[in-house]
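Notes follow the structure.
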Amino acid sequence: MTTSVSRPTQRPTEDSVREAVIAWRRYLHQNPELSFHEERTAQFVAETLASFGSLAISRPTPTSVVARLIGPRPGPVLAMRADIDALPIEERNTHDFVSRNPGVMHACGHDGHTAMLLGAAQVLAARKDDLVGEVRFVFQHAEELNPGGAEELVKAGVLDGVGMIVGAHLWLPMPYGRVGVKSGALMASPDNFVITIKGSGGHAAIPHETIDSIAVAAQVITNLQHLVARNVDPLASAVVSVTRVAGGTTYNVIPGQVELAGTVRTFDPALRARIPELMQRIVGGITAAHGASFTFEWDAGYRPVINDERASDLLRRAVVRALGAGVLVEASPTMGGEDFSAYQEKVPGSFFFIGARNEERGITNPHHHECFDLDERALDSGTRIFVAAAMEMAATPGAPGTSGRGVPGARSQ
Ligand SMILES: [Zn+2]
Ligand SMILES: [Zn+2]
């Protein structure tokens, strides 16, 4: 027999896990893995969760982890999601926990998301007896790469029985000390396109015997801007950006074709559906005018993140409970995309922003920057808000979604 059972251990609290959360984040930052390849990350998450006790841990896909914390009384099931993947970026930070994986970097803050949700899981596992219903911790792979991991997890049944889901992004546009919650549209649909302009190549000094795909492509790029300026309601929101232009090899050859790639961002599903048609009309008109032709490929990305009102209310209460009313602000919508929307198709959910910017310390680089960093104090905010959300859910009679073993009003049991 070992004596470990009788050794008194202190019950983990938000305060006591703070340093561990930072250490986990730094470990993950040093060991980033790309979307759909998060093998070691998932292993680390699963092992760390197992060390907390009380959690039922499963691996719905090879690189994701779900942990269920089932309270003693039946009640609502609240899911909390963290994404765990990194990006194909060569890190240029100089702190002492830079990436050890060349060409791969946690440049979006998902290392922090993972660490702060682990912290919440540890604190809540120790408070299991106070819980009503279930808290389900979802550590999701592949947020950064369409079609995204969220869709796979939904298909794998991760949301079965779940009444509500919440998720956070550590957010550089917002200073540390603020937390942004918002009902309704928060993040856009990130759809991508590839347009190939097909002309007819030839000698650069004999242009009349060619159909100059570069000259046509230049007009296409310019005219695509008319789409947002003149076809979209000024009160609606849309972005059309051409981000890659590829064509030609040398000085004296007019290339036969040019490839244009880019992204379209919208919030409104009806507008989103119209955009590819409007784009093809423009490209078709311009190419026809010059005797060129084109192909058009559309790669539909994530759906927009539209936050449920009740879930957003739960978050607001959680933020106030955890950090006080002074930190709570209305989140500003962003044209960035998030596959959190895949969960919201299935159950009410709300996604929120935790400020992680620090001007004084120069922590200002945007997400996906090679010197991206975050104010690590924001991790503690995240842990506290997730813990408070579980406590708020437990304190809300008749909250949507039950564990299936009970009925609304289970609090009285
Ligand atoms: Zn990102
Ligand atoms: Zn992200």
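The values are calculated or read from the model by the stated rules, or taken from the named source; none is laboratory data. No experiment lies behind these values; they were computed from the predicted model shown. Note that each Cβ is placed from the backbone with ideal geometry, even for glycine, and that neighbours are counted across all protein chains shown. Surface areas here come from the heavy atoms of the whole protein model, side chains and all, with no ligands, DNA or RNA. Shrake-Rupley method; radii C 1.70, N 1.55, O 1.52, S 1.80 Å.
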Failed criterion for Val347 (all others in (1) within 16 Å of the chain's Cα centre (by Cα); (2) buried (at least 19 other Cβ atoms within 10 Å of the Cβ); (3) assigned to a loop (DSSP other than H, G, I, E, B) hold):
(1)
When restricted to Leu117, Leu131, Leu124, the only residue touching a Gly at 6+ places or on another chain (Cβ under 6 Å) and either under 20 Å from Met391 (Cα atoms) or crowded, with 23+ Cβ neighbours inside 10 Å (or both) is Leu131
Take region 251-275 and flag every residue that is assigned to a helix (DSSP H, G or I) and open to solvent by less than 20 Å² (accessible area, probe 1.4 Å).
Leu271, Ile275
Would you mind finding the one in Met279, Met187 that is within 30 Å of Ala168 (Cα to Cα), in contact with a strand residue (DSSP E or B) (Cβ under 9 Å, 6 or more places away or on another chain) and either of a type in the set (S, T, N, Q) or buried (at least 16 other Cβ atoms within 10 Å of the Cβ) (or both)?
Met187
Give me a count of the residues in region 306-341 that are within 16 Å of ligand 2 (Cβ to nearest atom) and open to solvent by less than 10 Å² (accessible area, probe 1.4 Å).
5
Just wondering, is there one or more residues in region 162-182 that are over 23 Å from Thr334 (Cβ atoms) and more than 13 Å from ligand 2 (Cβ to nearest atom)?
yes
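Per-residue answers, yes or no, for (1) open to solvent by less than 20 Å² (accessible area, probe 1.4 Å); (2) modelled with pLDDT of 95 or more; (3) assigned to a helix (DSSP H, G or I):
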{"site": "Pro173", "(1), (2), (3)": "no, yes, no"}
{"site": "Gly177", "(1), (2), (3)": "no, yes, no"}
{"site": "Asp191", "(1), (2), (3)": "yes, yes, no"}
{"site": "Ile197", "(1), (2), (3)": "yes, yes, no"}
{"site": "His208", "(1), (2), (3)": "no, yes, yes"}
{"site": "Ala215", "(1), (2), (3)": "no, yes, yes"}
{"site": "Val240", "(1), (2), (3)": "yes, yes, no"}
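Out of Phe52, Phe44, Phe36, I need the residue that is within 20 Å of the chain's Cα centre (by Cα) and surrounded by 14 or more Cβ atoms within 10 Å (Cβ to Cβ). Which one?
Values: Phe52 fails: within 20 Å of the chain's Cα centre (by Cα); Phe44 fails: within 20 Å of the chain's Cα centre (by Cα).
Testing whether each residue is within 20 Å of the chain's Cα centre (by Cα) and surrounded by 14 or more Cβ atoms within 10 Å (Cβ to Cβ) leaves just Phe36.
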Being charged (D, E, K, R), touching an Asp or Glu at 6+ places or on another chain (Cβ under 9 Å) and away from ligand 2 (no atom under 12 Å from the Cβ) is the filter here, so list the residues in region 72-127 that pass it.
Glu90, Glu91, Arg92
Look through Glu152, Glu209 and report the one residue that is without any contact (Cβ under 8 Å) to a residue 60 or more places away in the chain, more than 16 Å from ligand 2 (Cβ to nearest atom) and acidic (Asp, Glu).
Glu209
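If we only count strands (runs of 3 or more DSSP E) wholly inside region 44-135, which ones have 2 or more residues that are without any contact (Cβ under 8 Å) to a residue 24 or more places away in the chain? Quick ask: steps written out before the conclusion?
Details: elements: 56-58, 65-70, 73-83.
Those strands (runs of 3 or more DSSP E) span 56-58.
Take Val228 and tell me if it is over 30 Å from Glu309 (Cα atoms) and open to solvent by less than 60 Å² (accessible area, probe 1.4 Å). Spell out the reasoning first.
Working: over 30 Å from Glu309 (Cα atoms): no; open to solvent by less than 60 Å² (accessible area, probe 1.4 Å): yes.
In short, no.
Each row is one residue, and each column tells you yes or no for (1) under 25 Å from Glu392 (Cβ atoms); (2) open to solvent by 30 Å² or more (accessible area, probe 1.4 Å); (3) within 16 Å of ligand 1 (Cβ to nearest atom).
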| residue | (1), (2), (3) |
| --- | --- |
| Arg68 | yes, yes, no |
| Arg92 | no, yes, no |
| Val98 | no, yes, no |
| Phe137 | yes, no, no |
For Thr63, which of the numbered conditions (1) open to solvent by less than 10 Å² (accessible area, probe 1.4 Å); (2) within 16 Å of ligand 2 (Cβ to nearest atom) fails to hold?
(2)
